[in-house]
1. How many residues are assigned to a helix (DSSP H, G or I) and either open to solvent by 20 Å² or more (accessible area, probe 1.4 Å) or among the basic types (Lys, Arg) (or both) if we restrict to segment 21-54?
2. Restricting attention to segment 156-167, which residues are more than 21 Å from Lys5 (Cα to Cα) and either in contact with a Lys or Arg (Cβ under 9 Å, 6 or more places away or on another chain) or modelled with pLDDT of 95 or more (or both)?
3. Note down all Cβ pairs under 8 Å where the first residue falls in segment 29-56 and is among the hydroxyl-bearing types (Ser, Thr, Tyr), the second is open to solvent by 40 Å² or more (accessible area, probe 1.4 Å) and in a helix (DSSP H, G or I), and they're at least six residues apart or on different chains.
4. Taking segment 178-219 as the region of interest, how many residues are of a type outside the set (A, V, I, L, M, F, W, C), under 18 Å from the mean Cα position of the chain (by Cα), open to solvent by less than 70 Å² (accessible area, probe 1.4 Å) and more than 30 Å from Leu1 (Cα to Cα)?
Amino acid sequence: LAGHKPTYVHSLMVAELTRALLHRQIETRPETLVGLLGCRSAAEVQARREELCQTAYECGLYHDLGKCAVLMYIDNNARRLLDEEFVCVQWHAAFGYELLCKIGHKGDLALAALYHHTYYDGQGGYPKDQPPCPKNMKPIVDALTVADSLDAATDNIGRCYTAAKPLEKLIEELRAQKGSRYAPAVVELFDDPDFCTEFRRKLYESRQSVYLEVYRETI
């Protein structure tokens with residue numbers, strides 16, 4: 001909050017959205033999460049729902065921790081990044097991984113920080129030349145990657161250097177990249193109109209609440 005308010009807001013938002021996506025996946029398709037944090041069956045996934053959702057929340061909260069090492073050098077509040085600045089920012093995934101490993105989270109939060117900009121199929125994104133994300137964390141990383149894109153692309157307050165997209169437009173983009181950039185099991189959650197309505201409400205109500213918190217803390 002002291003260092004970069006938009007990243008603080010984004011981190012809280014991504015935490016909430018990652019948890020919401022994973023919770024819905026546990027409710028509707030728990031079999032797709034077998035292997036997550038060692039779960040051996042769909043029944044175990046459902047039984048450990050609270051633990052899994054809390055881990056998802058924490059991964060979202062700390063996924064951009066590495067930005068504390070780069071944002072002090074970049075003025076990105078009101079304009080697009082220069083190419084050189086974007087290369088610098090890309091290092092935040094590796095920096096976050098290193099920081100979280102040092103405080104004992106090599107097996108969970110650090111992996112989320114490292115892989116949240118890597119494509120689902122491993123054929124794009126950054127950092128490059130990494131081994132595949134371990135299977136015990138991959139489902140949370142998959143949800144986190146979608147949540148990260150959803151918040152970043154629909155926020156026109158903290159990210160005023162680019163125009164926000166309507167949620168419906170962004171869902172279309174998620175579907176267009178399903179199986180390549182984004183995990184099918186996560187994208188397909190938005191095939192349910194009722195979930196879309198609930199997610200839209202959570203997205204905008206949560207953002208309003210978080211920005212109000214920031215306002216109160218900084219006046």
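1. Residues flagged as assigned to a helix (DSSP H, G or I) and either open to solvent by 20 Å² or more (accessible area, probe 1.4 Å) or among the basic types (Lys, Arg) (or both) within segment 21-54 amount to 17.
2. Residue satisfying the conditions is Leu167 alone.
3. From segment 29-56, the pairs are Thr55/Leu37.
4. 4
The values are calculated or read from the model by the stated rules, or taken from the named source; none is laboratory data. Quick caveat: nothing in here was measured; it's all calculated off a predicted structure. All Cβ positions, even for glycine, are placed from backbone atoms using ideal geometry, and neighbour counts span all protein chains on display. In case anyone asks, the SASA skips ligands and DNA or RNA and just uses the protein heavy atoms, side chains included. Shrake-Rupley method; radii C 1.70, N 1.55, O 1.52, S 1.80 Å.
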